[in-house]
Amino acid sequence: MNFWRIISGNGLKHVDEQISKQKVILLNQFTLVSFLVSFLGVLNLVLVVEDYFSALFLVVVDIIISLAFWLTSRGYFKISKWLLLLTVISTIFFLDSYFGFKSGTFLYYFPLTLVIAYLFDAKTELKLIVLLTLATILSAIINLITNYTFFETHLLNDSQRQIIFYFNLPICLFSLFYFVYLSIQNNKLQNRLLEERLSEKQKSEAVINKSLKEKELLLAELHHRVKNNLALISSLLNFGLQKNLDSETVLLESKNRVQSISFIHNLLYRNQDFSKISFSTYIDALVNEINASYPPKNGKAIHVEKNIFNLDLDIKTAIPCGLLINELLTNSYKHAFTNEIDSPTISINFKRENLSYYLEVKDNGVGFSNKNSNKKSSGMEIIESLCDQLEANYNFTSDGGVIFKAWFN
């Protein structure tokens, strides 16, 4: 069986498509059967019939069949197939006339017609199938019309022809049934492959349709969020104007708020999953932006410690949470640190506990007492508004700096 598999797999490395592979396997099997029949014929003719001329002729045929097998191994399937079929048709035609009707050599035409049918694709190569089938039938008709005298030999008697018939009959029957079996198996395989392709196509279409619906819903959600974000930005700008803040402060703080939202959308578009972002990546970008907006006071750089667990947030939660952290960081950068603070530090802790998110932002600055009350009140109003959006519980404490804590689902 291993030998049969090795022979059947000859040249398959040159083929990618499964149905084409099956055709090559059938070609290899037909090549092997043809070689074995011819080889057994040589033994029968030499050892039993003692017809050395026809035995030598079959040796040449086996050499040509071996050449066809070698061509298959190199990927020359069409050349191999044509060489093999033309050789077999010519051999049967010659030996049928040479041995005569009583030898039963004409029986080989029947399995040969099956071979022609399954080696070619009926959809794309129907003309070739018809042509070769007609050539096979014509060969049989020529011998029949000429009364098998076209290449008739007088070296054999009826007894020897009877021996050849007893050899040909079981071989032909075996070949016929075997090729019928191969044809049935080949048709089953092709039907199964077509069903698998159809099933894969249906699955792919279902996945595409599902993905399309998800993208449509997501796009609608993004449009809704963008509209809300623009409204939020407008409200924040109005807030700054109503509090009579100077224009430079309004522009700087508004820029940071817009940038905070922009970072989230940028991360969404870079991800394969458009519905969630990596919050730790977002916080890194936000801290770098705020740090660039507020240069160190008195040459003392502010160090920001980030303890952000590997959390993914959806856009509905990420935007108000990001704006909230932006406001807390901005307030700390602007108001928390004086010359007396040697190592100004802000820490951000964000994690998920059970079903809730926990956010803590604290600094080691001067606390509430030294802050401008108006500024504090302005920042608090924005923070309260964002906490309302998140439906968060929160509190402020002042113990060696300001500590903000919030919990939300």
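Just so it is clear, none of the values below were taken in a lab; they were calculated from the coordinates. Keep in mind that this is a model prediction, so the values were computed, not measured. Neighbour counts run over all protein chains shown; Cβ positions are idealised from the backbone, glycine included.
Quick notes on this one:
- Straight Cα distances below 27 angstrom link residue 13 to the lysines 21, 23, 78, 81, 123, 188, 201, with same-chain residues fewer than 8 positions distant left out.
- Assuming charge only on the beta carbon of Lys and Arg (+1) and of Asp and Glu (-1), the dipole of the stretch 2-205 about its Cα centre is about 620 debye to the nearest 20.
- Shown is the FRET efficiency for residue 135 and residue 202, computed with R0 = 45 Å from the Cβ-Cβ distance and rounded to the nearest 0.05: 0.60.
- Here the translational diffusion coefficient of the stretch 2-205 follows from Stokes-Einstein with Rh set to the Kirkwood radius across Cα pairs; for 4 °C and 1.567 mPa s it amounts to 71 µm²/s.
- Put in order of Cβ neighbour count within 10 Å, fewest first, the listed residues 388, 284 become 388, 284.
- Anisotropy class of the stretch 106-201 from Cα gyration tensor, a/c 1.5 cut: oblate
- Nearest-0.05 FRET efficiency for residue 184 and residue 288, computed from C-beta distance (R0 60 Å): 0.30
- Each label point was placed 7 Å from the Cα along the Cα-to-Cβ direction; for residue 125 and residue 276 their separation is 5.2 nm.
- Helix-only mean residue ellipticity at 222 nm for the chain, each DSSP H run of n ≥ 4 adding -39500 (n - 2.57), per residue, nearest 500: -23000 deg cm²/dmol
- The chain, relative contact order [Cα under 8 Å, separation at least 6], %: 9 percent
- Helical segments meeting 30 Å axial Cα length and Kyte-Doolittle 0.0 threshold in the chain (DSSP H): 18-44, 52-73, 77-99
- Radius of gyration and Dmax over the Cα atoms of the chain, both given in Å: 43.2, 128
- Rounded to the nearest 20 debye, the dipole magnitude of the chain is 320 debye, with +1 charges on Lys and Arg beta carbons, -1 on Asp and Glu beta carbons, and the Cα centre as origin.
- Per-residue Cβ neighbour counts within 10 Å put 146, 317 in the sequence 146, 317, beginning with the fewest.
- Options 126, 164, 383, ranked by Cα towards positive dipole end of the chain, top entry (Cβ charges): 126
- Shown for 128, 43: other C-beta atoms within 10 Å of each C-beta, ranked fewest to most, produce the order 43, 128.
- Selection among 396, 67, 93 by position relative to the dipole of the chain gives 93 as farthest towards the positive end (Cβ unit charges, Cα centre).
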